[in-house]
Amino acid sequence: MALLGGPADLEEALLKKLGLPRGELQSFHIYRQSIDARKKSGISFVYTLDAVLKDEESFLKTCGDKDIAPSPRGAYSCPEPGETPLEGRPVVIGAGPAGLFAALLLAESGYRPLLLERGPAVPERALNVRRFWERGELDPECNVQFGEGGAGTFSDGKLTTMIRDIRCRKVLQELVFCGAPEEILFSYRPHIGTDLLKKVVVGLRKKIEALGGTVRFRCRAADLVIKDHKLAGVITGSGETLETAVAIVAPGHSARDMFSLLHRRGVELAPKPFSLGVRIEHRQSLIDAAQYGKWAYHPALPPAEYKFAYHHASGRSLYTFCMCPGGFVIAASSEAHGVVTNGMSESSRGGENANSALLVGVTPDDFGGSHPLAGVDFQRRYEQRAYEQGQGGYRAPAQLAGDFLEGRESHALGSVTPTYSPGIRLTSLQECLPPYVIETMREGLAAFNRKLRGFASRDAILTGVETRSSSPVRILRGSSFESSTGGLYPCGEGAGYAGGIVSAAVDGIKAAEAIIMKYSPA
């Protein structure tokens, strides 16, 4: 389609592609929409359309166009319940994407789940997070990591995923039902934005409750009752024992106390590779100009994005992650005296800056020990160093890209105004990251600059550190989704089985399906 094309032009283009008169086309809708910006002289929208024809069978028999195929119109179907009686209500620990969608499926199937979330509901959580950003007052139980919706609530709300699963469609449809824009069903890079995601998350919770589920906020799973290697109950922070034979553990990637609890109770864990690095900020106008050329300010185009990777001679890689057009670098700490950064955008993506994580992969060999939680200690070490470099108050250490490449401290900002709050301290990032990460970042930045001119410009800001790209731990589970302790079903990003909102939600659905297929609802 041409850049300026509208819905009427889209219908005309479809009829031309099909070679049919208008009367043969009953209806159509957009199945997928993307932007082809490879040729800056002719940027175009690319559409995949789902069309309903009067005589589809005859048309497909004679159609020789390789771009035209039968539509995959299958819908998600929940499995039939098993026959084993379930003792007690199923408990779901954690109200991030995995926990919410696990609880939703259980509620839809009549199991009346009990969802425990250590943090508060969205309204209280939003106030506490704002207080932290403005004053540096951290609540370890209510922050960017903990509370209704999990870490994803304060993000760009990206819904891209590499997995191909019919459950992905269910996730998107449920999000739309709860208030997300309908365009996420067809956008090539769908996102919701933090402002809308807060409302969507509340909508999911209310649907769970309307279907018979119960959600408890400020309710931490403090211990487990295990008998004969099987779960018998969950003990809350207030000392209440919830008798249950099954619990879905969807703790999020920052629930370090939960990892410690599981280890003490004999649940098998393993250290897992993850990545760490910094956030890089540019003016969004620079990214738009580089990606769109003369079309940079066309009103039909969204703020431009990028995605890069560089492979270092050492075998390590630098890559961009969670790119937030028109977004903000945010404080995402969940422990005292540790600085953690992340990125966030609202639905409009209307901010002046673009930001992305610049990450280098690390493995258990880098952690300095073989303990299952060695990766947690590794993360904490660099978060605390960043806090020290920021000189307290959760200010983040920052450095201009030009100074970083030349190995000198930064003392003054350039054309890019940093968005991180409670504030930055210009310094050197040398002490905040391992030497091999610094080296890989320096070479990779130069390579990225060849792909997007200005990416490594002197004024771009590097803000450290980003350590929570994924979980440093995997809670081991078998093909039945149960851990080494019977009745415990680990899932989602924190358990080490997902990487993003949609994949975590899908993993939560799968964990709920495993319970449904084994047990009958009370």
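From the list Ser285, Ser370, Ser347, Ser314, which residue is in contact with a Phe, Trp or Tyr (Cβ under 7 Å, 6 or more places away or on another chain), among the polar types (S, T, N, Q) and not in a strand (DSSP E or B)?
Ser314
Only one residue in Gly293, Gly233, Gly277 is within 29 Å of Gly499 (Cβ to Cβ) and either of a type in the set (Gly, Ala, Ser) or open to solvent by less than 20 Å² (accessible area, probe 1.4 Å) (or both). Which one?
The unique qualifying residue is Gly277.
Take Ser238 and tell me if it is surrounded by fewer than 18 Cβ atoms within 10 Å (Cβ to Cβ), out of contact with any Ser or Thr (no Cβ under 9 Å at 6 or more places or on another chain) and in a loop (DSSP other than H, G, I, E, B).
Against the criterion (surrounded by fewer than 18 Cβ atoms within 10 Å (Cβ to Cβ), out of contact with any Ser or Thr (no Cβ under 9 Å at 6 or more places or on another chain) and in a loop (DSSP other than H, G, I, E, B)), Ser238 qualifies.
Name every residue in segment 243-268 that is out of contact with any Gly (no Cβ under 6 Å at 6 or more places or on another chain) and open to solvent by 20 Å² or more (accessible area, probe 1.4 Å), in order of residue number.
Within segment 243-268, Asp257, Ser260, His263, Arg264, Arg265, Gly266, Glu268 meet the criteria.
Pick from segment 123-138 the residues that are in a helix (DSSP H, G or I), open to solvent by 80 Å² or more (accessible area, probe 1.4 Å) and not aliphatic (A, V, I, L, M): which of them is nearest to Lys199 (Cα to Cα)?
Pro123
Can you tell me which residue among Cys219, Cys168 is assigned to a helix (DSSP H, G or I), among the hydrophobic types (A, V, I, L, M, F, W, C) and surrounded by fewer than 24 Cβ atoms within 10 Å (Cβ to Cβ)?
That would be Cys168, the only listed residue that is assigned to a helix (DSSP H, G or I), among the hydrophobic types (A, V, I, L, M, F, W, C) and surrounded by fewer than 24 Cβ atoms within 10 Å (Cβ to Cβ).
Answer yes if at least one residue in segment 371-387 is over 28 Å from the mean Cα position of the chain (by Cα) and open to solvent by 60 Å² or more (accessible area, probe 1.4 Å), and no otherwise.
Taking every residue of segment 371-387 in turn, none turns out to be over 28 Å from the mean Cα position of the chain (by Cα) and open to solvent by 60 Å² or more (accessible area, probe 1.4 Å).
Any residue that is polar (S, T, N, Q) and open to solvent by 40 Å² or more (accessible area, probe 1.4 Å) - is there at least one of those in segment 420-427?
yes
Looking at segment 448-469, is at least one residue part of a helix (DSSP H, G or I), of a type in the set (A, V, I, L, M) and either free of Cβ contacts under 8 Å to residues at least 60 places away in the same chain or touching a helix residue (DSSP H, G or I) at 6+ places or on another chain (Cβ under 7 Å) (or both)?
No, segment 448-469 contains no residue that is part of a helix (DSSP H, G or I), of a type in the set (A, V, I, L, M) and either free of Cβ contacts under 8 Å to residues at least 60 places away in the same chain or touching a helix residue (DSSP H, G or I) at 6+ places or on another chain (Cβ under 7 Å) (or both).
Out of Val502, Val437, I need the residue that is under 21 Å from the mean Cα position of the chain (by Cα) and in contact (Cβ under 8 Å) with a residue 60 or more places away in the chain. Which one?
Among Val502, Val437, only Val502 is under 21 Å from the mean Cα position of the chain (by Cα) and in contact (Cβ under 8 Å) with a residue 60 or more places away in the chain.
Mind listing just one residue for me: the one in segment 474-522 that is among the aromatic types (Phe, Trp, Tyr) and assigned to a strand (DSSP E or B) and, of those, most open to solvent (accessible area, probe 1.4 Å)?
Out of the qualifying residues, it is Tyr519.
Can you name the residue in segment 81-111 that is among the aliphatic types (A, V, I, L, M) and in a loop (DSSP other than H, G, I, E, B) and, of all such residues, is most open to solvent (accessible area, probe 1.4 Å)?
Leu86
Being part of a helix (DSSP H, G or I) and of a type outside the set (Val, Ile, Thr) is the filter; apply it to segment 139-163 and report the residue that is surrounded by the most Cβ atoms within 10 Å (Cβ to Cβ).
Gly150
The values are calculated or read from the model by the stated rules, or taken from the named source; none is laboratory data. Keep in mind it's a predicted model, so treat the numbers as computed, not measured. Neighbour counts are summed over all protein chains in view; Cβ atoms, including those assigned to glycine, are modelled from backbone coordinates with ideal geometry. Calculation scope for accessible area: heavy atoms of the full protein, side chains included, ligands and nucleic acids excluded. Shrake-Rupley method; radii C 1.70, N 1.55, O 1.52, S 1.80 Å.
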